[in-house]
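Everything below concerns the one structure shown next.
FYI, it's all coordinate maths here, none of it is from the lab. Predicted model only: the values in this text are computed from it and were never measured. Note that we place each Cβ from the backbone using ideal geometry, even for glycine, and neighbour counts take in every protein chain shown.
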Amino acid sequence: MSNPFSLNGQTILVTGASSGIGRQIAISVSQMGGRLVIAGRNAERLQQTLERLSGEGHQAIQGDLATPEGRERLIAACPPLNGLANNAGTALLRPFKFTDDERLENLFDINFFAPFKLTRDLVKKKKILPGASIVFISSIAPLVGTAGLSAYSSTKAAINGLTRTLSRELVSSKIRVNAISPGMVKTEMADQLENIIDSELAAADTARYPLGYGEPEDVANATVFLLSPASRWITGINLIADGGLL
């Protein structure tokens, strides 16, 4: 019996693969037989991810995808793709009235415009093959409405809208487009957020999750599912992975 979750023979691009969820997505995809193109801004950490991948034939491409130069270099180096996991992103915890233009624009450049433009240009250059799967890593933040996350939530709400619309536009090529919205996951980014809030608030937030905070593997497994033939009849969804919070 064939394994519908297998990614054997599939070439997958994972952005933001130098740490956290992106690193684990790349590792999990490689364990399922996929060939990886991994991208990230930090060359040293990207190399560490590359060394942890199973199998052979993987490549790492360093660059800032919020810049035209970074995207162009990645696209030029990419072979035809069977899958794309748009994971690269950053967070901003700041009250609405103190969110200055520079921080707001930088957040949208990284979290929304970079994956929008990268995906658009890959499609235009026919680097995403018919039958491929595109996955955006979003967040439950727009659905929860946490104080201090207005800018971050807005970028992820934009990703959710893009996912839904793009799934309709690419359906003629049998390209599936889905999003995953994780709750709090134990990553370096989560550690940074916990370090700047009160310990009692952090403990209270943890208690809100019936199944506790997630691990990078939890999001990676969901990503493998949406990249694989096991989800061949699924497109346009936003998969909530939040340990039961919502």
### Message
I'd like the residue in the stretch 206-246 that is among the small types (Gly, Ala, Ser) and in a helix (DSSP H, G or I) and, out of all such residues, is surrounded by the most Cβ atoms within 10 Å (Cβ to Cβ).
### Response
Ala220
### Query
When you scan the stretch 75-110, how many residues do you find that are without any contact (Cβ under 8 Å) to a residue 60 or more places away in the chain and within 17 Å of the chain's Cα centre (by Cα)?
4
